[in-house]
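One structure is given here, and the rest of the page talks about it.
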Amino acid sequence: MHQRSYLVFQSESQQVPFTFLYPAGWQAREIVGEDGVEVFIAGPCNQENTYTVSFSVRFSSAPETPEAAMATFLERYRQAPDFCEIGRASGMVASHPAIEVEITYTMPLPLNSLNLQLKIIRERRICFKNDNSLIELIYTAPDEMFNTWLPDFRTLVQTFTLPVEPIDAVFYPLISVPGEASITAR
């Protein structure tokens, strides 16, 4: 198996610092807005040069639960041609309960062209909550390229980290007994 190298992405956002690994050679771009942060990571194009494999990491201040966010996502995509829900799972990401869904749909490509061809797109989406933030990890690729880059998406998910809240530490000075000499070696 071919070993890939990875780069560390570290968010520049002060409101939501996070890190993860992504494939070397891919282009990562962070967009910080009023309602959240999105990182778009563009990978290689398909053979026809009509669709780019991509990973996305989204933070939003949405009050909804991961379950509600996933239901909204699925409802929106059910309208897509040839929509199919491949599977659903529950798990943990960065020590938070998460929901994962994989879907396929057909998309006419290239966009804005008279020579459109239908292409199957596969998308995997993971949602979880951290404090007041809804976090989505997304992988989208043409169906024929999906399994090629799936291990790299798994690497992103497995290396995704959020800052850990510091534990309050209390310092108690050593207790000394008056009149006792210091300990000496025998």
Ratio for the stretch 1-63, C-alpha Rg to 2.2 N^0.38 Å, reads 1.29
Using alpha carbons only, how many degrees (0 to 90, rounded to 10) separate the axis of helix 143-159 from the longest principal axis of the chain?
10 degrees
Under the √(5λ) rule applied to the eigenvalues of the Cα gyration tensor, what semi-axes describe the equivalent ellipsoid of the stretch 6-159? Give them in Å, descending.
25, 19, 15
Can you compute 3J(HN,Hα) from phi for each residue in the stretch 115-128, using the Karplus curve 6.51 cos²θ - 1.76 cosθ + 1.60 with θ = phi - 60°, rounded to whole Hz and x for Gly and Pro?
9, 6, 10, 6, 10, 7, 10, 10, 9, 10, 9, 10, 10, 7
Using only the alpha-carbon atoms, how far is helix 66-77 inclined from the longest principal axis of the chain? Give it as 0 to 90 degrees, nearest 10.
10 degrees
I need to check one value: relative contact order of the stretch 6-159, counting alpha carbon pairs closer than 8 Å and at least 6 residues apart, in percent.
22 percent
Would you please give the residues with an amide H less than 5 Å from that of residue 109, counting only those at least 5 places away or on a separate chain, with H modeled from the backbone geometry?
117, 118, 119
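Read the figures in this text as sums done on the coordinates, not as results from a lab. This one's a predicted model, so the numbers in the text were calculated from it and none came from an experiment.
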